[in-house]
Amino acid sequence: MELTSEDNSNTEPFLKWAGGKRWLVKRDNQISPLYYERYIEPFLGGAAVFFSLPNSPYIISDSNLELINCYKAIKKNYKEVEKYLRLHQRKHCDEYYYQVRKSQPRQQYTRAARFIYLNRTCWNGLYRVNLDGKFNVPRGTKNNVLLDTDNFEMVAERLKKGTILCQDFEETLAIAGDGDFVFIDPPYTVKHNLNGFLKYNEKIFCWEDQERLKEAVSSAVNRGAMVTMTNADHKSIRSLYTGMCKIEKIKRYSVIAGGSSHRGVISEVLMRMGWSV
């Protein structure tokens, strides 16, 4: 199946996500092959690449339970999520932010609205939890809970065709095979091109996880999957994938830092496996 621009919903991502790939989809780098049957993404995050590509059957996943609940809630009934977001907008202030941050709603739509509210009003859209798994990012400078770019109806429509899962990346990659296109953007740091392997949810995405990822990717490619991966521009990553693909350096401007003096141009790597431009 060839996917054309007519199949593309041009959906705007609704979450700000550290390490997100909005900047990448705006460039000329060809992220995806022209032909594929199904889209798979095991580290969903803000879903910038997913929303930028043509509509197709999909499997998207992440290990972040609150993130996945948010996507599922919008897919099921976006109007309910919007209803609670309007409530958050009316009440938003310093005191209210910390009340919501401390709260633990159990209902699907209130959980989803809380997640979006905190994402939009916390510091730099950062998702971070403490050792007890509780969100602990302070309030940021943004006050808009509802945005002019919001189109949750379109997001819900875009999510109709596939499956949303909360699971480890290895389980998702085990599904990939012939005819599938897989985009992979694992957690990593690239400050000064040193890979610190970020704390991700309550766990550490460590070097052993990078090795697990490499083996899972290799198996998926051997089954016929076409893969595009971004990762840290670090000698350990380059060595890990030596012989599997061409490794392309791409540069971007970093804005996730405590002060402007620590921000600047950094590099990542882009790898295509099982297909070429």
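Read-outs throughout are calculated quantities, based only on the coordinates presented, and are distinct from any laboratory measurement. All of these numbers come straight from a predicted model, not from anything done at the bench. Cβ placement follows ideal geometry from the backbone for every residue including glycine, while neighbour counts extend to all protein chains displayed.
The table for this structure:
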read-out	value
Peptides ranked, highest mean first, by Cβ atoms within 10 Å: ranges 214-224, 137-147	214-224, 137-147
Dipole magnitude of the chain about its Cα centre (Cβ charges: Lys, Arg +1; Asp, Glu -1), debye to nearest 20	1080 debye
Ranking of ASP180, ASP94 by count of other Cβ atoms within 10 Å, fewest first	ASP94, ASP180
LEU34 paired with THR141, simple spin-label distance in nm, labels 7 Å along Cα-to-beta-carbon	4.5 nm
Rel. contact order, % - alpha carbon contacts under 8 angstrom, at least six apart, the chain	20 percent
Förster radius 30 Å - calculated FRET efficiency between LYS214 and ILE266 (Cβ-Cβ, nearest 0.05)	0.85
For region 123-177, size of Cβ-based charge dipole, Lys and Arg +1, Asp and Glu -1, in debye	220 debye
Residue-count net charge about ASP180 - beta-carbon cut-off 15 Å; Lys, Arg +1, Asp, Glu -1	0
Beta bridges by DSSP in the chain, antiparallel share as percent, to the nearest 5	60 percent
Percentage relative contact order, region 67-151, counting C-alpha pairs under 8 Å, at least six apart	32 percent
